[in-house]
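Computed from the coordinates by the stated procedures, all read-outs in this text should not be read as laboratory data. Keep in mind the model is a prediction, meaning the values are calculated, not measured. Here the Cβ positions follow ideal geometry from the backbone for every residue, glycine too, while neighbour counts run over all protein chains shown.
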Amino acid sequence: MQTIINAFPYLMEGLQVTLYIFSIAIVLGFLIGLVVALLRLAPFKILNWVAKIFVDAIRGTPFIVQLFFIYFGLNSLGFFSLDNTTAGIVTVAINAGAYFSEIIRAGIQSIDKGQTEAARSLGLGSTQTMRYIILPQAFRRMLPTITNQAIISLKDTSLLSVIGVADLTQEGRIQASATFDAFNVYLILGIIYFVVIYLLSMLASFVERKFVLR
Amino acid sequence: MSMIRVENLKKSFGDLEVIKDMSTVVEEKEVICVIGPSGSGKSTFLRCLNRLEDISGGHVYIEGTDITNPKVDINKVRQDVGMVFQQFNLFPHKTVLQNVTLAPVKLKKGDQKAAEKKAYELLEKVGLGEKAKAYPGELSGGQKQRVAIARALAMDPKIMLFDEPTSALDPEMVGDVLDVMKQLAREGMTMVVVTHEMGFAAEMGDRVLFIDGGYIVEENVPKELFGNPQHERTKAFLSKVL
């Protein structure tokens with residue numbers, strides 16, 4: 001019990017880092033996903049291909065390889081130097097972005113063509129149609145899948161401990177070896193992740209109910 | 001100047017030639033009803049008039065503007081050409097009022113307040129003033145279609161296109177929608193109506209176009225077209241539907 005009480009403040013510091021990284025990365029990831037999805041659906045073949053190659057590259061490689069590529073690989077070129085937190089945020093954002101883009105693309109495509117036709121027949125442009133008619137409807141449909149991906153991305157942040165980011169998992173590892181009580185520290189670590197993710201999905205279902213399609 | 005002039009219109013979907021050669025003219029305040037068997041190209045014809053379908057050949061002039069010219073700002077032209085769809089296509093995430101005000105507000109035809117005032121007038125006109133705050137999902141088919149008409153009218157169009165507006169409705173709802181359309185016609189709206197309602201075509205049409213196999217087979221005042229059809233295909237079609 002004493003070990004847990006001693007370790008807890010450190011774990012909370014780690015949790016702060018995890019949440020900080022997650023919140024920035026998930027917003028960036030969503031924006032990347034939106035842009036890539038729109039490129040994927042744009043009426044230009046080249047843009048479709050660029051988007052598809054990006055998504056395939058991310059989906060076809062492990063997260064940890066992407067992380068190493070960005071942190072060690074890109075840094076080794078010497079043009080710039082990303083610190084480990086920034087590299088971690090970038091990796092989570094890009095990874096989530098690829099998956100988000102597929103979710104958003106499917107969501108947009110699930111909206112009936114008649115919606116676009118009605119909007120266009122009123123004289124709205126394609127951008128206005130997307131913004132006011134298609135995306136608001138698509139997002140409501142996508143919300144459960146978006147939540148799912150956000151949870152996966154949150155858990156992926158634990159891998160940033162491998163490049164030394166002082167996140168929740170990294171703090172847990174340090175405490176486990178410092179206290180010689182790996183069982184309890186990792187148990188607590190798991191519970192903290194569980195609680196955070198549980199709160200996240202509660203928030204998501206609250207939002208879902210609020211914006212439910214009539 | 002004619003409201004609509006169609007010259008040698010052609011439309012193909014891949015190898016399938018849906019409209020082979022159609023020409024016609026619609027004058028101001030005319031009500032044109034388009035009839036014909038399913039698959040004859042009558043909906044496609046209508047959808048070419050506001051370029052919802054890319055036009056494969058020929059020309060379509062709306063108030064003198066050739067909309068087949070790629071340089072034409074089609075969004076501008078569409079503001080003058082309202083369209084009503086078989087499946088209503090109301091925006092389900094918006095209230096009835098928002099459905100009607102969205103385009104005028106976003107396209108800067110006036111401020112929110114003016115748009116709402118006009119929307120209430122239009123909803124009153126189609127008999128749905130009390131449904132302004134409802135969502136489309138809470139309306140019956142006939143009510144939805146009347147909202148769709150109000151939505152199109154909110155842009156002050158000069159032409160209204162109707163694509164089988166009553167085909168998806170329960171029989172008892174058809175009358176309400178037709179009444180609104182009749183009122184519009186009497187007020188002098190230029191209308192092109194693709195329809196299976198021969199009664200409406202006979203009563204309200206200034207001219208009726210019979211379309212079959214990608215051509216306008218016959219075009220005449222309703223009395224003549226229904227009473228004294230000239231072509232075999234028109235006779236065959238009318239004998240089945242009348």
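Couple of notes before you dig in:
- The stretch A:18-58: mean projected area of Cα convex hull, nm²: 2.9 nm²
- Across chain B, the fraction of Cα-Cα pairs farther apart than 29 Å, rounded to a whole number, is 28%.
- Per-residue mean of C-beta atoms belonging to partner chains within 10 Å, peptide A:127-138: 2
- One Cα centroid belongs to the stretch B:102-175, the other to the stretch B:37-86; the line between them spans 21 Å.
- Dividing the Cα radius of gyration of the stretch B:88-129 by its Kirkwood radius returns 0.96 for Rg/Rh.
- Cα-derived Rg to Rh of the stretch A:98-214, Kirkwood definition: 1.20
- In Hz, Karplus ³J(HN,Hα) per residue of the stretch A:156-172 (6.51, -1.76, 1.60; θ = phi - 60°; x = Gly, Pro): 4, 4, 4, 6, 5, 4, 5, 9, x, 5, 7, 7, 4, 5, 4, 4, x
- Inter-site label distance for A:Val162 and A:Ser23 at 7 Å from Cα along Cβ, in nm: 2.7 nm
- Comparing B:Ala185, B:Thr234, B:Val208 along the charge dipole axis of the stretch B:183-242, the residue lying farthest to the positive side is B:Thr234, per the Cβ-charge model.
- For B:Leu16 and B:Glu124, a Förster radius of 41 Å and the Cβ-Cβ distance give a FRET efficiency of 0.40, rounded to the nearest 0.05.
- Rg then Dmax, both in Å and based on the Cα atoms of the stretch A:14-133: 17.4, 54.
- Calculated Rg and Dmax of the stretch B:1-92 using C-alpha coordinates, Å: 13.3, 38
- Reduced Cα scattering model of the stretch B:136-229, Debye log10 I(q)/I(0), q = 0.16, 0.18, 0.24 Å⁻¹: -0.71, -0.88, -1.31
- Equivalent-ellipsoid semi-axes of the stretch B:21-142, from the Cα gyration tensor, Å, largest first: 30, 19, 13
- Footprinting exposure proxy ranking of B:Leu139, B:Leu178, fewest other C-beta atoms within 10 angstrom first, gives B:Leu139, B:Leu178.
- Cβ neighbours within 10 Å from other chains - mean over B:88-96: 5
- Counting only Cα atoms, the size of chain A along its three principal axes is 69, 47, 23 Å, in decreasing order.
- Shielding by partners for peptide B:154-165, expressed as the average number of C-beta atoms from other protein chains within 10 Å of each residue's C-beta, is 1.
- Label zone at A:Phe183 (point 7 Å along Cα-to-Cβ), backbone N below 20 Å, the stretch A:4-23: A:4-8
- For the protein assembly as shown, pairs of C-alpha atoms spaced more than 40 angstrom apart make up 39 percent of the total.
- Separation in nanometres of the label points that stand 7 Å from Cα toward Cβ, at B:Asn75 and A:Phe72: 5.0 nm
- For A:Tyr193, A:Tyr20, order by how many other beta-carbon atoms lie within 10 Å, fewest first: A:Tyr20, A:Tyr193
- Potential lengthening between B:Glu138 and B:Lys235 on full extension [0.36 nm per residue; Cα-Cα distance subtracted]: 30.7 nm
- The simple spin-label model puts a point 7 Å past each Cα toward its Cβ; for A:Leu82 and B:Gln183 those points are separated by 6.3 nm.
- Exposure proxy ranking, count of Cβ atoms within 10 Å, fewest first, for A:Leu15, B:Leu225: A:Leu15, B:Leu225
- Amide H contacts under 5 Å for B:Thr190, placed H, 5+ residues apart: B:Lys29, B:Met160
- For B:Val84, the residues 5 or more places off, or on other chains, whose built amide H falls under 5 Å of its own are B:Leu161, B:Phe162, B:Asp163.
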